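*Asks:* Below is one structure. I have some questions about it.
The values are calculated or read from the model by the stated rules, or taken from the named source; none is laboratory data. Computed from a prediction, not measured in an experiment: that's the story for all the values here. Here the Cβ positions follow ideal geometry from the backbone for every residue, glycine too, while neighbour counts run over all protein chains shown.
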């Protein structure tokens, strides 16, 4: 199991389109993947689950992956946050 | 593939589809019937019958905007083992449907999941924040 923390740096935070991209990417991996924010832990493969976190810019979330492709999953999901979900230049 | 139809008062359904397409960044295969305020329902019923005929052999999920409204009331007669109607659809419910529709799950179970997703999308933020801060 791998866990990595990442800061939300896109202006709109984990809003609908960003959450859709995140869940879409998470669904391409076999591993179980979770996003943790404060006390809440949601399935990263669930769009509505991610939206319930209501996580905004400046917040830190943790990505947890557990499975055979966990390393790649965390790396790619972290990358999605770092490139601001391709929303901003 | 589960075929789907949204029937709403005015253009509400069309806008819901547009928003989903924006969120998923792709075209979404859901047809829409905008219920005309002035008509008695005959035209809309014909459109639903045509949709069902055209998609014979598929499971069909119909969404309407409000239980008890005309768009819902005209659909009661169509419900059977291959056709289900979910009333009071909202954006969370529709997103749930679009996420699960290709997962090959039991059709009636999918309807329950969509209903749950739609209901869970309604929150009172004051209460939500209260729970989080408790």
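*Asks:* Does segment A:13-24 contain at least one residue that is modelled with pLDDT of 95 or more, touching a strand residue (DSSP E or B) at 6+ places or on another chain (Cβ under 6 Å) and either more than 10 Å from chain B (Cβ to nearest Cβ) or at negative phi (or both)?
*Replies:* no
*Asks:* For residue A:40, state whether it is within 11 Å of chain B (Cβ to nearest Cβ) and over 10 Å from the mean Cα position of the chain (by Cα).
*Replies:* yes
*Asks:* Tally up the residues in segment B:55-76 that are under 18 Å from residue B:9 (Cβ atoms) and not in a strand (DSSP E or B), please.
*Replies:* 12
*Asks:* Quick check on my filter: what residues within segment A:43-89 are surrounded by fewer than 18 Cβ atoms within 10 Å (Cβ to Cβ), within 14 Å of chain B (Cβ to nearest Cβ) and not in a loop (DSSP other than H, G, I, E, B)?
*Replies:* A:43, A:86 - these are the residues of segment A:43-89 that are surrounded by fewer than 18 Cβ atoms within 10 Å (Cβ to Cβ), within 14 Å of chain B (Cβ to nearest Cβ) and not in a loop (DSSP other than H, G, I, E, B).
*Asks:* Right, something else. Which condition does residue B:130 not pass, out of (1) in a helix (DSSP H, G or I); (2) closer than 27 Å to residue A:50 by Cβ; (3) touching a residue at least 60 places away in the same chain (Cβ under 8 Å), if it passes all the others?
*Replies:* Status for residue B:130: all satisfied but (3).
*Asks:* Tell me whether segment B:62-72 contains one or more residues that are at positive phi and within 10 Å of the chain's Cα centre (by Cα).
*Replies:* Within segment B:62-72, not a single residue is at positive phi and within 10 Å of the chain's Cα centre (by Cα).
*Asks:* Kindly indicate whether residue A:32 is within 12 Å of residue A:66 (Cα to Cα) and touching a helix residue (DSSP H, G or I) at 6+ places or on another chain (Cβ under 9 Å).
*Replies:* Yes.
*Asks:* Inside segment B:20-43, can you point out the residues that are within 14 Å of another protein chain (Cβ to nearest Cβ), exposed (fewer than 14 other Cβ atoms within 10 Å of the Cβ) and outside any loop (DSSP other than H, G, I, E, B)?
*Replies:* The one that is within 14 Å of another protein chain (Cβ to nearest Cβ), exposed (fewer than 14 other Cβ atoms within 10 Å of the Cβ) and outside any loop (DSSP other than H, G, I, E, B): B:22.
*Asks:* Could you list, in sequence order, the residues of segment A:73-89 that are under 13 Å from the mean Cα position of the chain (by Cα) and on the phi < 0 side of the Ramachandran plot?
*Replies:* Across segment A:73-89, the qualifying residues are A:73, A:74, A:75, A:76, A:77, A:78, A:79, A:80, A:81, A:82, A:83.
*Asks:* Is there a residue being away from chain A (no Cβ under 14 Å), out of contact with any strand residue (DSSP E or B) (no Cβ under 7 Å at 6 or more places or on another chain), part of a loop (DSSP other than H, G, I, E, B) and closer than 18 Å to residue B:11 by Cβ anywhere in segment B:77-99?
*Replies:* Yes, that holds for at least one residue.
*Asks:* Among the residues of segment B:44-54, is there at least one that is in a strand (DSSP E or B), more than 14 Å from chain A (Cβ to nearest Cβ), under 19 Å from residue B:17 (Cα atoms) and touching a residue at least 24 places away in the same chain (Cβ under 8 Å)?
*Replies:* no
*Asks:* Okay, moving on. Quick test for you: out of A:35, A:2, pick the one residue that is modelled with pLDDT of 95 or more, more than 10 Å from chain B (Cβ to nearest Cβ) and surrounded by fewer than 20 Cβ atoms within 10 Å (Cβ to Cβ).
*Replies:* A:2
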